[in-house]
Amino acid sequence: MINSKKMPTIGFFPGFFDIGETYPLIKIAKRYQEFGGKVVIFSHGGEYEYLAKNNRFEIIRLEPIASGPDLTRYFLKNNDDDIIRLIKDHQSVFKINEIKALVQTSSYLDCILAAMYGKIPVISVVSGTLSTPYFKANHATFPDNLESYFTMLIPQFIKNKITNWHTLHYKGPITKKFNRITQKINLEKRFRYFQDIRMGNSTLISDDINFLGVNPSKDFPADNFIGPILSDELYLNQKSPDIEIKNHLKRPGKTILLTMGSSKIMKALFLQILEILNKTDYNVIATYTSLLKENEIPKCSENVMLIKFISNILEINKLVDLAIIHGGRGTVYNAAYSGKPAVGVPLNGEQQFNLDNLVRRKAAIRVSKTFFDEKKLLNAIHQILDNYENYLENSKALTKKLQKLDGGEKAAKRILEIVNN
């Protein structure tokens, strides 16, 4: 039982420029508020601020108004005195609002420094595949988007080993400047590597520990693996022709779900895969979310059902034979919880690492985006369907290992424990 009278005020600083950086923190903040705690939301601006407003949170905007990548460049470009003034301004706002901890997603170096300056603990909420335990377990693979005909000559295990070591030991200009500023504002704390800065004083890992295949440690205890916080429920109120979808999947032949998230960078790949599937006889359900405008929807053959939203995509994932996904955390967990195999085509390292958790369990096949073509995609689909019983058995075995938890609720309770201790 949580005693709301003893619940400290917690500040949340989502990266509103990205839905994956926004939704987990808003859900945790909502759960913390439901338990009786007070929440303060800070922002550097961004298109997903509406998620906080929809949940009736008041937003306190802090300068500069910019996206995560732009703020990193701002941090590096501006002189130390300007950054220090910014830090002190932020710290005074934190002090006025009497926050006892700052929960963030490692997007903003200025907010981390401001919290440190005000002796406010920083709790980072990070994806498990970008966390220190994941790289220490040597699970990361060499990012496909860095591959070239030259790197293809290097053995894969060597490239993977370099990837894990480099991530853990990377310093770069950010760490150097970060430490220089901490010294100038008379803080004792210094950081050896950039990864240590990202992890904060405490780290909540928004993944299932069994899914990641890592071991807990003193710095990353089992209680800090809060489980996935997925944004699928954002679409629950959207109109979705679920009955028509299920009828379409009853047609003779193999069935495929194509879902590539909602980030605009996935648009070209989505259309490329859709064009390939349009030439097959598979029964396809393709959800384009916000990737396409209504005037951009292509004409498809009768075996392809193209729709904007699916209200309960996990249930549809359970009905198909396999899913084609990009490796976003939502699509990967839907595949994992559905007990069905997947083909993944990642655009970046994080998506690739997410997919690798399925690939290691032989529940998915990863297809290179760098060397992507129609033949490679169809070969992956055929490989799964030709060995379907094995892939299905592996997928179901993975599903049984996953915990059925509300990551937002667990995170809210864990934050209270961390702050009170």
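The values are calculated or read from the model by the stated rules, or taken from the named source; none is laboratory data. From a predicted model like this one, the values you see are computed outputs, not experimental measurements. Using ideal geometry, Cβ is built from the backbone for each residue, glycine included, and neighbour counts are taken over all protein chains shown.
Taken over segment 241-292, the residue count meeting the criterion of being closer than 20 Å to Asn145 by Cβ, among the aliphatic types (A, V, I, L, M) and touching a residue at least 12 places away in the same chain (Cβ under 8 Å) is 7.
The rows are residues; the columns are (1) of a type in the set (Gly, Ala, Ser); (2) in a helix (DSSP H, G or I).
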{"position": "Ala115", "(1), (2)": "yes, yes"}
{"position": "Val125", "(1), (2)": "no, no"}
{"position": "Phe135", "(1), (2)": "no, yes"}
{"position": "His139", "(1), (2)": "no, no"}
{"position": "Phe142", "(1), (2)": "no, no"}
{"position": "Ser148", "(1), (2)": "yes, no"}
{"position": "Asn160", "(1), (2)": "no, yes"}
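For segment 353-373, a tally of residues being among the hydrophobic types (A, V, I, L, M, F, W, C) and either surrounded by fewer than 23 Cβ atoms within 10 Å (Cβ to Cβ) or in a loop (DSSP other than H, G, I, E, B) (or both) returns 6. Take Gly11 and tell me if it is crowded, with 20+ Cβ neighbours inside 10 Å and part of a loop (DSSP other than H, G, I, E, B). Considered against the rule, which asks whether it is crowded, with 20+ Cβ neighbours inside 10 Å and part of a loop (DSSP other than H, G, I, E, B), Gly11 comes out as no. Scoring Lys88 on the criteria (1) farther than 30 Å from Ser263 by Cβ; (2) in a loop (DSSP other than H, G, I, E, B) leaves a single failure, condition (2).
Might you check whether a residue that is under 21 Å from Tyr391 (Cα atoms), of a type in the set (A, V, I, L, M), part of a loop (DSSP other than H, G, I, E, B) and in the same structural domain as Lys369 (by TED's automatic domain parsing) occurs anywhere in segment 315-325? Yes, the conditions are met somewhere in segment 315-325. Just so you know, in segment 407-417 the residues that are of a type outside the set (Asp, Glu) and more than 10 Å from Asn224 (Cα to Cα) include one that is surrounded by the fewest Cβ atoms within 10 Å (Cβ to Cβ), and it is Lys413. Here Ile158 meets the list (1) surrounded by fewer than 16 Cβ atoms within 10 Å (Cβ to Cβ); (2) closer than 30 Å to Lys77 by Cβ almost entirely, failing just condition (2).
If you go through segment 373-421 and keep only what is in contact with a helix residue (DSSP H, G or I) (Cβ under 8 Å, 6 or more places away or on another chain), farther than 30 Å from Thr9 by Cβ, at pLDDT 95 or above and not aromatic (Phe, Trp, Tyr), you end up with Glu374, Leu377, Leu378, Ile384, Ser395, Leu398, Thr399. Restricting attention to segment 202-221, the residues that are among the small types (Gly, Ala, Ser), out of contact with any Ser or Thr (no Cβ under 7 Å at 6 or more places or on another chain) and closer than 20 Å to Pro121 by Cβ add up to 2. Could you tell me whether segment 94-101 includes any residue that is closer than 26 Å to Leu230 by Cα and out of contact with any helix residue (DSSP H, G or I) (no Cβ under 9 Å at 6 or more places or on another chain)? Taking every residue of segment 94-101 in turn, none turns out to be closer than 26 Å to Leu230 by Cα and out of contact with any helix residue (DSSP H, G or I) (no Cβ under 9 Å at 6 or more places or on another chain).
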